[in-house]
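Structure first, commentary second.
The values are calculated or read from the model by the stated rules, or taken from the named source; none is laboratory data. Note that the coordinates shown come from a computational prediction; the quantities given were computed from them, not determined experimentally. Quick reminder, even Gly has a Cβ in these numbers, built from the backbone with ideal geometry, and neighbours come from all protein chains shown.
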Amino acid sequence: MRQTNSLTKTLKRLFAIFIAITFLFCALFVRLFVLQILTGGELTRKAADQWYRDLPLVAERGNIYAGGGELLAGSEKAYDIYARPNAVTEKSRAAAVLSDTLGISITAAEEKLSEKRSEVTLARKASAETAADIDEAGLSGIYCVASPKRTYPYGSMLSKVIGFTNIDGKGQNGIEGYYDKYLSGTDGYLYADADIAGRETGGSISYVPAVAGCDLTLTVDADIQSFAESAVMAAHAEWQAKSCSAIVMDVNTGGIAALASYPSYDLNDIPRNDIELLNLLSKNMLITDVYEPGSTFKIFTTAAALECGVANDSSRYYCGGSMTVDGQRIRCWRSAGHGSQDLADGVKNSCNCVFMSLALSLGTERFYDAIEKFGFGSKTNIDFFGESAGIVMKEENVKTVDLARIGFGQAIAVTPLQLITAVSAAVNGGTLYEPYFLSKVSSDGNVIYEHTPKVVGNPITPETSSRLRELLVGVVESGGGSKAQVSGIKIGGKTGTAQKYENGAIAAGKYVSSFVGFAPADDPEYAVLFIVDEPSGYTYYGSLTAAPYAGRIFSRIADAEGWQRDSVEEAEMIQMPDTIGMDVSDAVKLLESRGLVVETEGSGDVKSSVPIAGDLVAVGDVVFVRGKEDP
């Protein structure tokens, strides 16, 4: 009996020991599983941080070139200066050297070298000379790591397209930001053995080289860009405008040949400390913002009317100075009216009544179908951040009076990019291209991507496009666009003058003046859109403020491209008649009888004119008279 009890107790003890051993084994297994499987990677990284010290090797950022190979954005040698405080053996000497080379106080240098961190940044983007001086001092624990600095050889040119990078070399906006994944490359590292205190042991060194970013070539033509830059700066100075802008597009590909805005800023001196100013100066409003296009939109009303057959060369219209639609009286810009006119005269005169009639003849469904085919109301999908789709009223909400207003460029908002893209389609034979900046991507001199122009629609036929070109040539040869004329080069185009809105109401005295044109008119290569936002004074018509500068750009393009100029007769010059005190309508008759194109404001007696009486003016040129009574 006693033996049985003793055996039972022994078995119980053995079982208890077995359970305890099993539990300990399971606990040990779980712990090993956690350490090796679940947290093994993290622990390995922590161990590596103790065993090794690494320095980043910043990849060289890819260059950005213009279409002709001109360097727009590149990199120059610069260095980030680091210290490993535990590895600095001569802190007093090191502090003195750093104070001298980096331009900081000895106290500040000593504080940096005394920090309880494994690595301290002493300077970012230091010059190659500074890095060389530090290396020559032979300071232990101080490292100079190549970190290229972004540079822009042309300064402010194309600033709102190129964009810029942050201090770490990452693209922030523009092309630098949009294509950062191609430009940035892949950083490398330099690993060295170290003890627990962070001191290098002189053991093995591992080197992982950085991979440079790709180079980008844009569609921008550096010469044409410089022409556009000069023109916007000159227009801004003459008209004291809020801003002046220009886009030049290759009408047969959709490629952006130039995009310029002023005021601008120097990409080598970015106002990073004033975020509001930086956002204002760097914002590319030609792509991101919308405006009411005014008379430039009449191009598409004309195209739609021709395409749908509601207008032809024999169509006639009457303008008495206004038109009543849905009980609302809508004025033509010329209060005295244009009288009876055919389609060509209506386009040349930019008569609002004609374009209201065309829009009403089309009807909402057909007109909206045409607008959508030209891309209005949708993004163009250009390779750029922040593009707007414009503002087009929902078709089901359009009233008859709205349709009439859209016909001459009111009650609709577009981006300048949308407008010039659509104009290019209207005059190139009817092919709508997707606009773009990037032409090709290269690596080590090898092209790895090349853009192919993308067709996104055919809003009109080649026949309609041909007739539309002829009508728009008339606008420049003997209409409101005459100041865009270039000797020996046939140009077509349309002026626009639109009132601005603020807080839902018309802003008194504020206008957006513009001209959009194309050349050579018989076989277009380039389209130019020139915008003057809020020109000062009362001479705000696009025919007077924008058209001359668009013509200046076309003239310089013609010379650069070697376009053949036709021989032309010297323009007849006459003295500007004195119209002060005359009734505006009588002044218009007098000026038109002398072969001048007249823009007017107000009624009653004339109180001012541009140019003033006695100045020489070319026959066929645009002049301006202002009445004493505001419209």
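The rows are residues; the columns are (1) within 30 Å of M285 (Cβ to Cβ); (2) surrounded by fewer than 18 Cβ atoms within 10 Å (Cβ to Cβ); (3) in contact with a strand residue (DSSP E or B) (Cβ under 6 Å, 6 or more places away or on another chain).
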site: R61; (1), (2), (3): yes, no, yes
site: Y65; (1), (2), (3): yes, no, yes
site: A95; (1), (2), (3): no, no, no
site: R117; (1), (2), (3): no, yes, no
site: S140; (1), (2), (3): no, yes, no
site: S147; (1), (2), (3): no, no, yes
site: R150; (1), (2), (3): yes, no, yes
site: D168; (1), (2), (3): yes, yes, no
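Would you check which residues across the range 279-305 are in a helix (DSSP H, G or I) and of a type in the set (V, I, T) and list them? Before the answer, list the steps.
Restricting attention to the range 279-305, the residues satisfying the condition of being in a helix (DSSP H, G or I) are 279-282, 285-288, 294-305.
Listed by number, the residues that qualify are I287, T288, T296, I299, T301, T302.
Determine the pairs where a residue that is assigned by TED's automatic domain parsing to the domain that holds W333 and acidic (D, E), located within the range 575-597, has a partner that is modelled with pLDDT of 90 or more and part of a helix (DSSP H, G or I) with Cβ atoms under 6 Å apart, the partner being 6 or more residues away or on another chain. Final answer for the pair search is none. The residues listed here are I330, I382; of these, the one that is β-branched (V, I, T), assigned by TED's automatic domain parsing to the domain that holds T464 and under 27 Å from E592 (Cβ atoms) is I330.
Looking only at strands (runs of 3 or more DSSP E) that fall completely inside the range 166-278, which ones have 3 or more residues that are modelled with pLDDT under 95?
On the way: elements: 188-194, 200-208, 215-218, 243-250, 256-262.
The qualifying strands (runs of 3 or more DSSP E) are 188-194, 200-208.
A residue that is out of contact with any helix residue (DSSP H, G or I) (no Cβ under 9 Å at 6 or more places or on another chain), surrounded by 22 or more Cβ atoms within 10 Å (Cβ to Cβ) and in contact (Cβ under 8 Å) with a residue 60 or more places away in the chain occurs somewhere in the range 254-274. Inspect the range 423-440 for any residue being within 24 Å of D533 (Cβ to Cβ), in a loop (DSSP other than H, G, I, E, B) and either outside the structural domain of T600 (by TED's automatic domain parsing) or in contact (Cβ under 8 Å) with a residue 60 or more places away in the chain (or both) and give the result as yes or no. Taking every residue of the range 423-440 in turn, at least one turns out to be within 24 Å of D533 (Cβ to Cβ), in a loop (DSSP other than H, G, I, E, B) and either outside the structural domain of T600 (by TED's automatic domain parsing) or in contact (Cβ under 8 Å) with a residue 60 or more places away in the chain (or both).
Condition (residue is assigned to a strand (DSSP E or B), touching a helix residue (DSSP H, G or I) at 6+ places or on another chain (Cβ under 8 Å) and aliphatic (A, V, I, L, M)) applied to the range 505-513: is it met by at least one residue? Steps first, please.
So the first thing to find is which residues in the range 505-513 are assigned to a strand (DSSP E or B), and the list is 505-513.
Now restrict to residues that are touching a helix residue (DSSP H, G or I) at 6+ places or on another chain (Cβ under 8 Å): 512-513.
Still in the list and also aliphatic (A, V, I, L, M): 512.
Yes, the conditions are met somewhere in the range 505-513.
Which one of the conditions (1) surrounded by 22 or more Cβ atoms within 10 Å (Cβ to Cβ); (2) part of a loop (DSSP other than H, G, I, E, B); (3) of a type outside the set (S, T, N, Q) does E387 fail to meet, given that it meets all the rest? Result: E387 passes all but (1).
On inspection, V290 qualifies as among the aliphatic types (A, V, I, L, M) and surrounded by 16 or more Cβ atoms within 10 Å (Cβ to Cβ).
Could you tell me how many of the residues in the range 331-355 are in a strand (DSSP E or B) and in contact with a Ser or Thr (Cβ under 6 Å, 6 or more places away or on another chain)? Let's see the steps before the verdict.
Of all residues in the range 331-355, those in a strand (DSSP E or B) come to 331, 339-342.
Filter once more, keeping what is in contact with a Ser or Thr (Cβ under 6 Å, 6 or more places away or on another chain): 331.
Count: 1.
Residues in the range 146-164 that are touching a helix residue (DSSP H, G or I) at 6+ places or on another chain (Cβ under 9 Å) and farther than 20 Å from L259 by Cα: A146, R150.
A residue that is touching a helix residue (DSSP H, G or I) at 6+ places or on another chain (Cβ under 6 Å), over 27 Å from P263 (Cα atoms) and modelled with pLDDT under 95 occurs somewhere in the range 463-480. Within the option set D566, D533, D615, D583, being over 26 Å from the mean Cα position of the chain (by Cα), within 30 Å of D221 (Cβ to Cβ) and among the acidic types (D, E) holds for one residue only, D566.
Selection of the range 353-381 for residues being small (G, A, S), more than 14 Å from T301 (Cβ to Cβ) and out of contact with any Pro (no Cβ under 9 Å at 6 or more places or on another chain) yields G377, S378.
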